[in-house]
1. For the chain, take the longest principal axis of its alpha carbons; what is the angle in degrees between that and the long axis of helix 54-65, to the nearest 10 within 0 to 90?
2. Assigning unit charges at the beta carbon (Lys, Arg +1; Asp, Glu -1) and nothing else, what dipole magnitude in debye, to the nearest 20, does the stretch 222-291 show about its Cα centre?
3. For the stretch 221-234, what does the Karplus curve 6.51 cos²θ - 1.76 cosθ + 1.60, with θ = phi - 60°, yield as ³J(HN,Hα) per residue in whole Hz, taken in order and with x for Gly and Pro?
4. Once you list every other residue whose beta carbon is under 12 Å from the beta carbon of Val92, what net charge do they have if Lys and Arg are +1 and Asp and Glu are -1?
5. Could you give the angle, 0 to 90 degrees to the nearest 10, between helix 131-145's Cα long axis and the longest principal axis of the Cα atoms of the chain?
6. So what J values fall out for the stretch 238-246 if you push phi through Karplus, 6.51 cos²θ - 1.76 cosθ + 1.60 with θ = phi - 60°, rounded to Hz, Gly and Pro as x?
7. Output the relative contact order of the chain, whole-number percent, from Cα pairs under 8 angstrom with separation of 6+ residues.
8. So how do 249-259, 193-203 stack up, highest first, on mean other-Cβ count within 10 Å?
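Read the figures in this text as sums done on the coordinates, not as results from a lab. As the structure is a prediction and not an experimental result, all values here were calculated from the model. Glycine gets a Cβ as well: all are built from the backbone with ideal geometry, and neighbour counts include every protein chain shown.
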Amino acid sequence: MKKDLLKLLDLSGEEILEILDTADQLKYNQKHGIQHDYLKGMTLAMIFEKNSTRTRVSFETGMYQLGGHALFLSGKDSQIGRGEPIEDTARVLSRYCDGIMIRTFAQETVEKLAEYADIPVINGLTDFCHPCQVLADLMTVREHKAKLSGLKMCYIGDGNNMTNSLIVGGLKCGMEVAVACPEGYDPDPEVLAFAKSDPNFKFTLCRKPADAAVNADVVFTDVWASMGQEGEKAEREKVFAGIYCVDEELMKVTNPGCMVQHCLPAHRGEEITADVFEEHAVEIFDEAENRLHAQKAVMYLLMKKD
Ligand code: CP
Ligand code: NVA
């Protein structure tokens, strides 16, 4: 049966660690000039119904580095934008390509695409989750801290797609996870139910950022208004401003050597101060780089022919 990457909830902790190990190896090989053509002659179709810099460039470059080819399909230029059903798009692309990456709004669209496609489907961000980003995030934390299990991750801000994937990925890898978001902006109920499903999971949902950040080894944040929520920007600013911000004051309650991660793009002066961002820029851009290596690992594991 074909395998997909639709959400981290579908993966075991062991499967996540297998992706991270493969990503580390591919990164090492690339840095040492060892090239691979595991996906020679293969094509990845990339459907984008939202904007992207990192996801598009890292998938396209990664596919090329593995000997294959990627093609960009914007929602509005393809027939998807004119209402062609996703079930039909899935069956058409399956006749031409070897994998599909999709960035869209509803998680159901990705799930339906995977149901109707005969080739692996990779979620490049939905309103519900951002699994590829969080694989890169976990890879980066492990690279800097040499482990994941036993570390404390905290997330400050909107309970969005990033929060959902961080909670699931962090807990599955044995991390303690603490989230601070305003009332009314909680993570998805399915994710909160998952976080409560195992007595071994260490998870807390707080309202005050300092409560979540205390003794953290890594602090994550993300924008207050995600793509698709542009109309709520002013209303959200009133709720988040001055409170849900990673600043020097907040960093004082974290553990010494605490990392800061941001999936980018970042809004300096909103969810993170310019000072904290620049102080942790190396870690943040390592995180951006690791999108390439983590996604090469995902494509290799899902698309390679045995
Ligand atoms: N972090 C992330 O997914 O970036 P893009 O929106 O630029 O792809
Ligand atoms: N939460 C953000 C992540 C961007 C990579 C968004 O969905 O816009």
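1. Orientation of helix 54-65: about 40 degrees from the principal axis.
2. 200
3. Going residue by residue, I get 8, 7, 4, 6, 10, 7, 4, x, 10, 4, x, 9, 4, 5 Hz, with x marking Gly and Pro.
4. -2
5. Value to nearest ten degrees: 60.
6. For the stretch 238-246, the Karplus-derived couplings read 4, 7, 8, 4, x, 10, 9, 9, 7 Hz, x marking Gly and Pro.
7. The normalised contact order for the chain reaches 21 percent.
8. Descending packing order for the listed peptides: 249-259, 193-203.
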